[in-house]
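Asker: Have a look at this one.
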Amino acid sequence: RAAADQGWLDLESAARESLLSIKRAGADLILTYFAEDVAPEL
């Protein structure tokens, strides 16, 4: 969040890519603050 606050990255796309990478690695369950926003896409 600090990097997004500084304008260094887009928080939404960084969170989405991070979570998608975890899912691709084989995770069955991902707990995150962003769950509600990205759950439909995963």
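Asker: For Ala3, work out the one condition from (1) part of a helix (DSSP H, G or I); (2) open to solvent by 70 Å² or more (accessible area, probe 1.4 Å) it doesn't fulfil.
Answerer: All conditions pass for Ala3, except number (2).
Asker: Could you list all residues from region 10-31 that are open to solvent by 50 Å² or more (accessible area, probe 1.4 Å) and of a type in the set (Val, Ile, Thr)?
Answerer: Scanning region 10-31 gives a single hit, Ile22.
Asker: Residues in region 20-40: is at least one assigned to a loop (DSSP other than H, G, I, E, B), in contact (Cβ under 8 Å) with a residue 12 or more places away in the chain, out of contact with any Pro (no Cβ under 9 Å at 6 or more places or on another chain) and among the acidic types (Asp, Glu)?
Answerer: No - not one qualifying residue is present in region 20-40.
The values are calculated or read from the model by the stated rules, or taken from the named source; none is laboratory data. Please read all numbers here as calculations on a predicted model, not as lab measurements. Using ideal geometry, Cβ is built from the backbone for each residue, glycine included, and neighbour counts are taken over all protein chains shown. Accessible surface is based on the protein model in full, side chains and every heavy atom, while ligands, DNA and RNA are left aside. Shrake-Rupley method; radii C 1.70, N 1.55, O 1.52, S 1.80 Å.
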